[in-house]
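Taking it in order: structure first as structure tokens, then the write-up.
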Amino acid sequence: MRILHWHVHGAWSTAFVQGPHDYLVPVVPGRGPDGRGRARTYDWPASVREVTPAQLADEPVDVVVLQRPRDLELAARWLGDRRVPAVYVEHDCPRGEVPHTRHHLAGRSDLPLVHVTHFNALMWDSGRAPTRVIEHGVVDPGERYTGELERIGVAINEPVRRWRVTGTDLLPEFARVAPLDVFGMGLESLPARLGVEPARMQCLGDVPQDAMHTELARRRLYLHPLRWTSLGLSLIEAMCLGMPVVAVGATEAYEAVPPGAGAVSTRLESLTRAAAALLADHDLARHSGKRAREVALERYGLDRFLRDWDSLLTEATP
């Protein structure tokens with residue numbers, strides 16, 4: 001198939017474009033939100049090709065994968081009068097008066113709505129939209145865990161702007177247990193905003209994915225402090241690396257992190273206590289990480305993810 005999809009969610013797209021299809025990714029001048037083009041920090045195959053809006057007018061497209069309300073309007077404008085099958089992926093948890101938040105496709109019965117977690121499907125009011133869940137998949141980074149550094153690794157994009165959503169305000173509590181190494185975008189003012197001394201928090205920035213995986217795996221454990229997220233793919237990737245994880249018990253975390261892989265709780269003291277135990281016992285951390293990897297590969301493996309998507313796309317393109 002020739003699939004048109006926007007580069008909206010880099011980690012999700014990295015798994016999606018591993019399939020046996022041709023992927024058309026819009027690119028616009030300046031690589032803004034309407035067309036970011038190919039990823040710069042993720043490894044995408046040659047089957048992903050950048051196309052301008054003008055080029056799309058003449059490109060054959062079998063199916064469109066929409067991910068934002070704006071994509072509906074862009075697809076209609078850039079593809080012209082062609083009637084191209086489409087599906088819509090909802091990456092995010094509902095916002096506003098949850099659980100009364102109604103999805104913007106709830107009144108449509110002609111466009112398949114795909115949620116990426118069962119939590120999302122449960123919490124969104126999807127109305128008449130034909131709905132299914134296709135859980136995340138990740139490209140296996142390999143078991144890289146060493147845990148040689150008695151430090152806590154965490155990956156958060158824009159933690160200052162997103163603050164309580166990403167659990168940024170919780171980081172000082174963990175910095176008292178061990179130094180934090182933070183990866184992601186928009187970290188420049190983080191230590192000052194939190195009032196954490198440089199010795200207790202190091203911001204390593206937006207590192208290319210492969211290098212980030214290697215560096216994360218050197219840390220003793222992975223911290224997932226997010227309060228309200230669909231399901232952070234960095235959490236699954238850390239588990240695939242063989243890292244033990246300590247996660248705030250919100251949204252899909254209880255489903256994603258199995259017993260014996262670290263700790264999931266809504267009690268901050270339970271999480272800091274678990275982090276301290278993993279930091280103090282390298283063997284426990286290594287054993288917990290192996291359990292995390294085993295379950296992550298079974299549930300979020302790339303083969304299952306691509307099979308599920310191929311099945312849906314085949315249904316959508318009779």
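Within the stretch 206-230, being open to solvent by 10 Å² or more (accessible area, probe 1.4 Å), assigned to a loop (DSSP other than H, G, I, E, B) and of a type in the set (A, V, I, L, M) holds for Val207, Leu226. Please enumerate the residues belonging to the stretch 118-151 that are within 20 Å of Ile236 (Cα to Cα) and out of contact with any strand residue (DSSP E or B) (no Cβ under 7 Å at 6 or more places or on another chain). Of everything in the stretch 118-151, those that are within 20 Å of Ile236 (Cα to Cα) and out of contact with any strand residue (DSSP E or B) (no Cβ under 7 Å at 6 or more places or on another chain) turn out to be Phe119, Glu135, His136, Val138, Val139, Asp140, Pro141, Gly142, Glu143, Arg144, Tyr145, Thr146.
Being open to solvent by less than 40 Å² (accessible area, probe 1.4 Å), touching a Lys or Arg at 6+ places or on another chain (Cβ under 6 Å) and not hydroxyl-bearing (Ser, Thr, Tyr) is a description that applies to Gly167.
Among the conditions (1) open to solvent by 60 Å² or more (accessible area, probe 1.4 Å); (2) aliphatic (A, V, I, L, M); (3) within 25 Å of Glu135 (Cα to Cα), Ala192 misses just one, which is (3). Can you name the condition, by its number, that Val63 falls short on among (1) farther than 30 Å from Leu122 by Cα; (2) modelled with pLDDT of 95 or more? The one condition Val63 does not meet is (1). Checked against (1) under 20 Å from the mean Cα position of the chain (by Cα); (2) touching a residue at least 60 places away in the same chain (Cβ under 8 Å), Glu90 meets all criteria but (2).
Any residue at all in the stretch 60-77 that's within 22 Å of the chain's Cα centre (by Cα) and of a type in the set (Val, Ile, Thr)? Checked the stretch 60-77: at least one residue is within 22 Å of the chain's Cα centre (by Cα) and of a type in the set (Val, Ile, Thr).
Considered as a group, the residues in the stretch 259-295 that are in contact with a strand residue (DSSP E or B) (Cβ under 9 Å, 6 or more places away or on another chain) and assigned to a loop (DSSP other than H, G, I, E, B) include one that is least open to solvent (accessible area, probe 1.4 Å), and that residue is Ala261.
The values are calculated or read from the model by the stated rules, or taken from the named source; none is laboratory data. Note that the structure is a prediction, hence the values are computed from the model and not measured. All Cβ positions, glycine included, derive from the backbone under ideal geometry; neighbour counts span all protein chains shown. Remember, those area values only see protein heavy atoms, side chains included, never the ligands or the DNA or RNA. Shrake-Rupley method; radii C 1.70, N 1.55, O 1.52, S 1.80 Å.
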